[in-house]
Amino acid sequence: MSAQILDGKAIAAEVTEALVGLGPRPGLAVVLVGEDPASAVYVRNKTRMAEKLGFYHEQLNLPATVTQDELLQVLHRLNHDDRVHGILVQLPLPKHLDSLAVIDAIDPAKDVDGFHVVSTGKLWQKRPCLSPCTPTGVMEMLRRTGVPLRGAEAVVIGRSNIVGKPMVALLERQDCTVTLAHSRTRDLAAHVGRADIVVAAVGVAELVKGAWIREGAVVIDVGMNRGVDGKLVGDVEFAAAAERASWITPVPGGVGPMTIAMLMVNTARAAGALL
Ligand code: NAP
């Protein structure tokens, strides 16, 4: 089998086009602490997309020395700003800040990253909520393959709060049977070999070998790793996996663009401009 490519760029463009000119006008505030270059790029891309869609947008750049109290005051102000429907604090934060307390200071109704403990609880209880952008983008891609999810065997590799765990919750909501693999998992190859759907969110270049993939499986590669040549490479051995998969996401141009698209969707939903 030779896999069809799940083109995240094209799907993201389609998703965001539908968000232009919404009313009420959605508003997004993005908070960047410090000067980490990668974080600065992510934040700029998010703000630019909000601008492109005509959303109200604010980017707040705070110094790396900002105190917890100062940051909480900024969030308090944004929580009470009616123009702002979505608040995102770019992670990771400098070590002296308590990330969990910072995220929990965001009004859950404005938690467009879906990382707040209230959002997490609602997600697992199958209540309406703003769900984390990357796994939500993966679900949108899976939906577009047309592959039935009910009863499908899914393996998620990686158990972070931002990707792996919410990915499990979202797949389970669609009646997949989900295995969550991590660094202590014995015989990862055997788990992957049983899966109809593989989602790799690890951060280790080409950890998942093409030969492990079950014939006809859908392979979603969330990983973004810098190869020795400086190029982006995923967690999956792309060429070999594409020989066996029915659908596969490339890196770059796969899950990455979907993350920003779903952030915009969440902001529109938080504004009440979208169901
Ligand atoms: P993370 O917090 O570092 O978590 C990595 C997970 O991978 C951990 O649960 C870890 O297990 C597991 N792991 C590490 N080595 C493993 C191995 N050899 N076998 C099996 N599991 C292993 O990472 P993250 O934030 O979830 O991000 C994962 C990747 O996705 C990164 O490359 C990141 O850049 C990328 N990412 C992409 C997007 C996007 O928009 N495309 C968004 C977010 C993240 P333990 O828990 O046992 O340590």
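The values are calculated or read from the model by the stated rules, or taken from the named source; none is laboratory data. Predicted model, so just to flag it, every value in this text is computed and none were measured. All Cβ positions, even for glycine, are placed from backbone atoms using ideal geometry, and neighbour counts span all protein chains on display.
Does Val66 satisfy being over 22 Å from the mean Cα position of the chain (by Cα) and surrounded by 13 or more Cβ atoms within 10 Å (Cβ to Cβ)? Outline the logic, then answer.
Working: over 22 Å from the mean Cα position of the chain (by Cα): yes; surrounded by 13 or more Cβ atoms within 10 Å (Cβ to Cβ): yes.
It is true that Val66 is over 22 Å from the mean Cα position of the chain (by Cα) and surrounded by 13 or more Cβ atoms within 10 Å (Cβ to Cβ).
Quickly run through the range 189-246 and pick out the residues that are within 21 Å of Val147 (Cβ to Cβ) and among the polar types (S, T, N, Q).
Passing the criteria: only Ser246.
Regarding Val251, is this residue in contact with a helix residue (DSSP H, G or I) (Cβ under 6 Å, 6 or more places away or on another chain), among the β-branched types (Val, Ile, Thr), closer than 19 Å to Ile11 by Cα and near the ligand (Cβ under 9 Å from one of its atoms)? Don't jump to the end; show me each part of the working.
Details: in contact with a helix residue (DSSP H, G or I) (Cβ under 6 Å, 6 or more places away or on another chain): no; among the β-branched types (Val, Ile, Thr): yes; closer than 19 Å to Ile11 by Cα: yes; near the ligand (Cβ under 9 Å from one of its atoms): yes.
So Val251 fails the test.
From Ile162, Ile157, grab the single residue that is within 16 Å of the ligand (Cβ to nearest atom), in contact with a strand residue (DSSP E or B) (Cβ under 9 Å, 6 or more places away or on another chain) and closer than 28 Å to Asp7 by Cβ. Quick ask: steps written out before the conclusion?
Details: Ile162 fails: in contact with a strand residue (DSSP E or B) (Cβ under 9 Å, 6 or more places away or on another chain).
Result: Ile157 is the single residue among Ile162, Ile157 that is within 16 Å of the ligand (Cβ to nearest atom), in contact with a strand residue (DSSP E or B) (Cβ under 9 Å, 6 or more places away or on another chain) and closer than 28 Å to Asp7 by Cβ.
Can you tell which of Ala29, Ala64, Ala50 is assigned to a helix (DSSP H, G or I), touching a strand residue (DSSP E or B) at 6+ places or on another chain (Cβ under 7 Å), at negative phi and in contact (Cβ under 8 Å) with a residue 12 or more places away in the chain? If you could, list the steps in order and put the result at the bottom.
Details: Ala29 fails: assigned to a helix (DSSP H, G or I); Ala64 fails: assigned to a helix (DSSP H, G or I).
Among Ala29, Ala64, Ala50, only Ala50 is assigned to a helix (DSSP H, G or I), touching a strand residue (DSSP E or B) at 6+ places or on another chain (Cβ under 7 Å), at negative phi and in contact (Cβ under 8 Å) with a residue 12 or more places away in the chain.
When the range 180-195 is examined, which residues are found to be under 15 Å from Val218 (Cβ atoms) and within 15 Å of the ligand (Cβ to nearest atom)?
Just the residues of the range 180-195 that are under 15 Å from Val218 (Cβ atoms), to begin with: 192-195.
Val192, Gly193, Ala195 - these are the residues of the range 180-195 that are under 15 Å from Val218 (Cβ atoms) and within 15 Å of the ligand (Cβ to nearest atom).
Going by the structure shown, is Val112 more than 9 Å from the ligand (Cβ to nearest atom) and part of a strand (DSSP E or B)? Explain how you work it out, then say what you get.
Details: more than 9 Å from the ligand (Cβ to nearest atom): yes; part of a strand (DSSP E or B): no.
Spelling it out, it is not the case that Val112 is more than 9 Å from the ligand (Cβ to nearest atom) and part of a strand (DSSP E or B).
If you go through the range 171-179 one residue at a time, do you hit one that is touching a residue at least 12 places away in the same chain (Cβ under 8 Å), surrounded by 14 or more Cβ atoms within 10 Å (Cβ to Cβ), within 10 Å of the ligand (Cβ to nearest atom) and among the basic types (Lys, Arg)?
No.
For residues that are touching a His at 6+ places or on another chain (Cβ under 8 Å) and part of a loop (DSSP other than H, G, I, E, B), scanning just the range 156-167, find the one that is nearest to Gly203 (Cα to Cα). Before you say what the answer is, go through the steps one by one.
Step one: filter the range 156-167 for residues touching a His at 6+ places or on another chain (Cβ under 8 Å), giving 157-159, 164.
Next, from what is left, pick out any that are part of a loop (DSSP other than H, G, I, E, B): 158-159.
Details: Gly158: 9, Arg159: 11 Å.
Among residues in the range 156-167 that are touching a His at 6+ places or on another chain (Cβ under 8 Å) and part of a loop (DSSP other than H, G, I, E, B), the one nearest to Gly203 (Cα to Cα) is Gly158.
So which of Ala10, Ala64, Ala3, Ala38 is farther than 30 Å from Arg214 by Cβ and out of contact with any Pro (no Cβ under 8 Å at 6 or more places or on another chain)?
Values: Ala10 fails: farther than 30 Å from Arg214 by Cβ; Ala64 fails: out of contact with any Pro (no Cβ under 8 Å at 6 or more places or on another chain); Ala3 fails: farther than 30 Å from Arg214 by Cβ.
Being farther than 30 Å from Arg214 by Cβ and out of contact with any Pro (no Cβ under 8 Å at 6 or more places or on another chain) holds for just one of Ala10, Ala64, Ala3, Ala38, which is Ala38.
Consider the range 196-235. How many of its residues are at pLDDT 95 or above, within 10 Å of the ligand (Cβ to nearest atom) and not aliphatic (A, V, I, L, M)?
Summing the residues that are at pLDDT 95 or above, within 10 Å of the ligand (Cβ to nearest atom) and not aliphatic (A, V, I, L, M) in the range 196-235 gives 6.
Check Leu149, Leu123, Leu130 and return the single one that is away from the ligand (no atom under 12 Å from the Cβ), at pLDDT 95 or above, touching a Cys at 6+ places or on another chain (Cβ under 8 Å) and not in a helix (DSSP H, G or I). Can you show your working first?
Values: Leu123 fails: not in a helix (DSSP H, G or I); Leu130 fails: touching a Cys at 6+ places or on another chain (Cβ under 8 Å).
Checking each option against the conditions leaves just Leu149.
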